[in-house]
């Protein structure tokens, strides 16, 4: 009978020859140590692989063998450098065994090819770096490959797109396990936006407005300061000094999503922080986040986060007290 693992914060990071050092280093940076000011529980990270591995131009010695994967609550498989070659059979078998033992299995970038080879993506929606989605779909026709999203969360199997999207998925895991405020603390340490939803587009013309003279540079902080207000697209367009249609084009180019979807994401993120950090009622939080009523907040929160606000508060308040 498979051993069921309940502690998702026991993390095994797979490391074998041919992996991409960026994704491996990124995962290590997120899960190896808590950011300053976070005093609650943190992850127990083990790097698992053969006796010595070559990651790009670097040589490293893992902490444990690949057999350790099946003892972890979360297994992370970084990107695979040469997708034209089949991933090592030993890695594929170890990942499959870990999943059978109850682990949550996560791929970053082309690590999805390892999960697919293990049969873990059959019948599921999944993603990988946009440049390799066609190859993943062709090689594994039972996988529903989505080339457009940042990451896909199927519960016990999660996949991300390439490079920066791998960080989005890692922050998503922290948010699921330890709450929004902790995930935001990690994002602040890494100097990245705290939350890009998995459904946002992989490829956007400008991931962030990196110039002070960008048409939306001043709009984003203006919105964040007014989440308690019933903002409309017309309000945002008026503030930005452009038409609603022009605003929509700029928003999709910068964020990969629409103004209203982006605004809803910020409202939900703020609601998560208030549920974790205050004793305010759901009605009060609904007003503070611009949702209007508790019913509206509960509907959007449940659909976005997957649990009702009250259940979310019980989970994450209990971890910090």
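Rule-based calculations on the coordinates, nothing more; no lab input. This is a predicted model, so every value here is computed, not measured.
Quick notes on this one:
- 0 to 90° range, to nearest 10: angle between helix 294-305 axis and the chain longest Cα axis: 30
- Angle between the chain longest axis and helix 259-277 axis [Cα atoms, degrees, rounded to 10]: 80
- In degrees, nearest ten, helix 244-255 long axis to first principal axis of the chain (Cα): 30
- In the chain, the alpha-carbon atoms span a convex hull of 145 Å³ per residue.
- Comparing 58, 31, 22 in a Gaussian network model of the chain where C-alpha atoms under 10 Å apart are linked, the largest mean-square fluctuation is found at 58.
- Of interest is the spacing of the C-alpha centroids, which for the range 1-80 and the range 92-125 amounts to 15 Å.
- When Rg and Dmax are taken over the Cα atoms of the range 207-321, they come to 15.5, 48 Å.
- Rounded if a/c under 1.5, otherwise prolate or oblate - the range 13-106, Cα gyration tensor axes: oblate
- Semi-axes of the equivalent ellipsoid of the range 133-190 are 27, 12, 6 Å, computed as sqrt(5λ) over the eigenvalues of the C-alpha gyration tensor in descending order.
- Between the range 265-285 and the range 134-166, the alpha-carbon centres lie 31 Å apart.
- Build a GNM of the chain with springs between Cα atoms under 10 Å apart, and of 304, 257, 74 the one that fluctuates most is 304.
- Residue with peak Gaussian network fluctuation, the chain [Cα springs, cutoff 10 Å], from 110, 232, 255: 232
- Over the chain, DSSP H runs of length four or greater, each weighted -39,500 (n - 2.57), average out per residue to a 222 nm ellipticity of -12500 deg cm²/dmol.
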